[in-house]
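Encoded as structure tokens, the structure appears first; notes follow it.
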């Protein structure tokens with residue numbers, strides 16, 4: 001049972017030090033090794049009752065996510081560097097820009113795979129570290145034909161539109177379909193964007209034949225070039241200058257590593273954006289669901305705007321709780337109450 005395993009992990013990882021957390025509302029997590037691929041939100045603080053497949057039993061479970069607003073950090077030194085900048089984004093958080101639904105030729109599908117299989121799946125991505133890896137700059141151009149054959153993600157266009165509406169963004173700040181190109185992304189003044197959202201395919205290391213870096217998929221060009229081959233990789237992201245208070249990576253596996261065995265966590269796409277200057281990120285440990293992702297990202301934004309006193313982490317936790325407690329998706333083979341639906345997203349950076 002997931003609940004029993006999650007409770008056993010809680011007893012080993014958190015319970016021994018919980019007395020020191022009394023009165024705390026936020027919990028910052030710097031995890032390494034195998035733990036870097038585990039969202040601590042799914043730990044259970046009291047022995048669970050009932051069955052994993054029962055939505056009511058899952059909603060009655062005492063998740064760690066209900067006890068603390070959780071934030072993931074690459075390291076304590078990284079957090080110190082962030083806070084030394086003196087930046088403190090408020091609910092307005094500057095200009096919004098969003099990219100989504102790249103123009104691909106595969107049959108349109110929902111993110112997250114087959115719903116009937118979702119309950120039993122979990123995070124299986126190892127974390128690794130991309131900075132300093134030899135040979136990064138020798139990476140060949142992406143195969144645009146392979147990228148173009150990926151499935152279209154029409155749900156991401158609606159997510160970007162909903163986020164833009166929540167921020168009151170102008171239409172020219174939305175880049176979807178044929179406008180969702182890597183060249184358009186590179187042409188932007190990224191230091192002038194307060195909130196950057198990217199809703200697309202997130203490829204892990206080795207997922208694209210002949211390509212060893214993780215990356216985000218954009219609308220492929222007719223011919224690949226150094227400036228635009230349709231895949232924005234970790235090394236390319238790390239070389240950008242981003243000043244965003246918040247980067248929303250509403251794609252699959254954006255908290256996964258770069259594939260090097262035994263390296264620290266949050267080492268792929270998430271760490272790349274962090275290294276480039278982003279203050280906080282929403283990233284995912286495994287494929288996100290098309291029906292859940294916009295409810296979490298958009299609602300997090302709405303909650304922050306409704307109550308400026310909420311931290312990002314508190315708004316994020318509340319949005320997840322609302323999704324988990326919503327019974328509208330309950331069926332014989334599906335429910336939003338299961339952590340496979342609500343737990344892939346993690347907040348990275350600062351609270």
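Every read-out reported here was derived from the displayed coordinates using simple, explicitly stated rules and does not represent laboratory data. Given the structure is predicted, the values throughout are model-derived calculations rather than measurements. So basically every Cβ, Gly included, is an ideal-geometry build from the backbone, and we count neighbours across all protein chains shown.
So, R0 is 30 Å and r is the distance between the beta-carbons of residue 15 and residue 326; what FRET efficiency does that work out to, to 0.05? Computed FRET efficiency for residue 15 and residue 326: 0.50. Here the label points at residue 184 and residue 22, each 7 Å from Cα along the C-beta direction, are separated by 5.5 nm in the simple model.
Only counting other Cβ atoms within 10 Å, I'd like 225, 280 sorted with the fewest neighbours first. List each step's numbers first, then the result.
Details: 225 10, 280 25.
The fewest-first ordering by Cβ neighbours comes to 225, 280.
Taking neighbour Cβ counts within 10 Å as the exposure measure, how do 233, 300 sort from fewest upward? Write out the running numbers ahead of the final one.
Numbers: 233 24, 300 27.
Ranked by crowding around the Cβ, least crowded first: 233, 300.
Relative protection proxy for 325-333, 151-159, from highest mean packing down: 151-159, 325-333 (other beta-carbon atoms within 10 angstrom). The length gained by stretching the chain between residue 75 and residue 226 to full extension, at 0.36 nm per residue less their Cα-Cα distance, is 51.2 nm.
Could you list 58, 310 in order of exposure, starting from the residue whose Cβ has the fewest other Cβ atoms within 10 Å?
On the way: 58 25, 310 18.
Neighbour counts put them in this order, fewest first: 310, 58.
Among 190-196, 68-74, sorting by the average number of other beta carbon atoms lying within 10 angstrom of each residue, highest first, gives 68-74, 190-196.
Restricting to region 146-255, what percent of DSSP beta bridges are antiparallel, rounded to 5? Close to 55 percent. I need the shape label for region 173-228. Rule: rounded when a/c is under 1.5, else prolate if a/b > b/c, else oblate, with a, b, c from the alpha carbon gyration tensor. Prolate is the answer for region 173-228, as a/c is 1.5 or above and a/b outweighs b/c.
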